[in-house]
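The values are calculated or read from the model by the stated rules, or taken from the named source; none is laboratory data. All figures in this text were calculated on a predicted structure; none of them were measured in a lab. We place every Cβ from the backbone using ideal geometry, glycine too, and count neighbours over all the protein chains shown. The accessibility values were calculated without ligands, DNA or RNA, using every heavy atom of the protein model including side chains. Shrake-Rupley method; radii C 1.70, N 1.55, O 1.52, S 1.80 Å.
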Amino acid sequence: MSRIRAALGAVCASLPVVLALTAVAPAQAQTQPWPQRAVRFIVPLGPGSGADIGARLFGDRLAARWGKPVVVENRPGGDGIVAITAFVSAHDDHTLLFSPASTFTAHPFLHDKLPYDPADLLPIARVSNTLVAISTPMTLKVASLAELVALARAQSGKLNWATATGISDFLFASFLKSANLDMSKVPYRDTVQPSTDLAEGRIQLYWGALAIVRPHVQAGKVKLLAVSNSVHAPDEPNVPTVNEAGFPALGFDGLVGLFGPRDMADDIRERIAADIQAVAADPAIGARFSSTGQVVSPGRPAEFAASIEAQRATVAAIAKEMGIKPAQQSQ
């Protein structure tokens, strides 16, 4: 009997410890720092695009810092809506959108209905500014953007054009309308194929990331006419900005960054932004970006959000002048 009493006493004495451990375990699981598993970057552009290059460069460095894999998933097509829909439907703070803001800031004025709520794209951090160029095939033999515009006027309806993202598409279409020019738009599913067609002379104007057209420029098949950014391309200092070329209506800066789901915790967003700033401080990253037509420009959540809202306001003002009403969100 004494042995039974001793055994029961030992069990009872150990219960508080067991209960304490089981109570602590869930709390520890809940407070485990983000990320707890692999992180996915969804990119709305194809392989080789500026955003894709940036996503992979930063993804490798962030994976090392986080101790978890970062997987880059390209979802081109549908004017960026394919990627955005995949991102929004994930409802997962480990699935992030790595995208140029220009992919979606003009969406409300380019589509009758949107399958997502813009509030679903919560800015986390700006990563870079993509240098965006307006280019033409060397065979067209125009030396400036003004000469291309004059040619389009002289050969009304005979020249073809394409752009890479929603905002450039919107801005160029509105420019053609305001200038009373007639050029034919050629739609593409990705951003790489039009640069190939440009080099072969099948289209006469392409407005997209410098990273995409650079190989054709180096091969002597494509001529850069202007960059739409407010600053010059470091590796192409003689190429004017659109403002310098006399076409300020075509100006915008290619904001590229990370977006999370609308309910993502602020502390996680701030931590990711801080990690991006730390990675961006490496000179090797800056050099690699520069060589691909991009400028590293890390920004915190609030700063990035303000830049996006400014771009949206610019697009909305142009749309108002053109009498275009914003789309409704699909139910």
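General observations
- Accessible area in square angstrom per residue, the range 125-185, 1.4 angstrom probe: 39
- Accessible area (Å², 1.4 Å probe, nearest 10) - Met322: 50
- For the peptides 242-254, 307-319, the ranking by mean Cβ contacts within 10 Å, running from highest to lowest, is 242-254, 307-319.
- For the range 107-116, the Karplus equation 6.51 cos²θ - 1.76 cosθ + 1.60, evaluated at θ = phi - 60°, returns couplings of 3, x, 10, 10, 10, 5, 9, 10, x, 9 Hz by residue, with Gly and Pro reported as x.
- Rounded is the label for the range 132-260. Its Cα gyration tensor axes, ordered a ≥ b ≥ c, give a/c under 1.5.
- Shape call, the range 204-331: gyration tensor on alpha carbons, a/c limit 1.5: oblate
- Solvent-accessible area assigned to carbon and sulfur over the chain amounts to 56 percent, based on a 1.4 Å probe.
- Amide H contacts of Thr163: Trp207, each under 5 Å away and 5 or more positions distant or on a separate chain (H built 1.01 Å from N in the peptide plane; Pro and chain starts excluded).
- Each part reduced to its alpha carbon centroid, the range 287-331 and the range 65-103 end up 17 Å apart.
- Taking Rg and Dmax of the Cα atoms in Å as calculated from this structure, the corresponding entry among (1) 20.0, 71; (2) 25.0, 110; (3) 19.8, 61 is (2).
- Set Lys141/Lys185; Lys113/Lys158; Lys177/Lys325 screened for pairs whose C-alpha atoms are more than 26 Å apart: Lys113/Lys158
- In this structure the amide hydrogen of Leu225, modeled in the peptide plane, comes within under 5 Å of the amide hydrogens of Ile134, Ser135, Thr136, none closer than 5 places in sequence on its chain.
- When each of the peptides 88-97, 291-300 is scored by how many other beta carbons lie within 10 Å of its residues on average, the order from highest to lowest is 291-300, 88-97.
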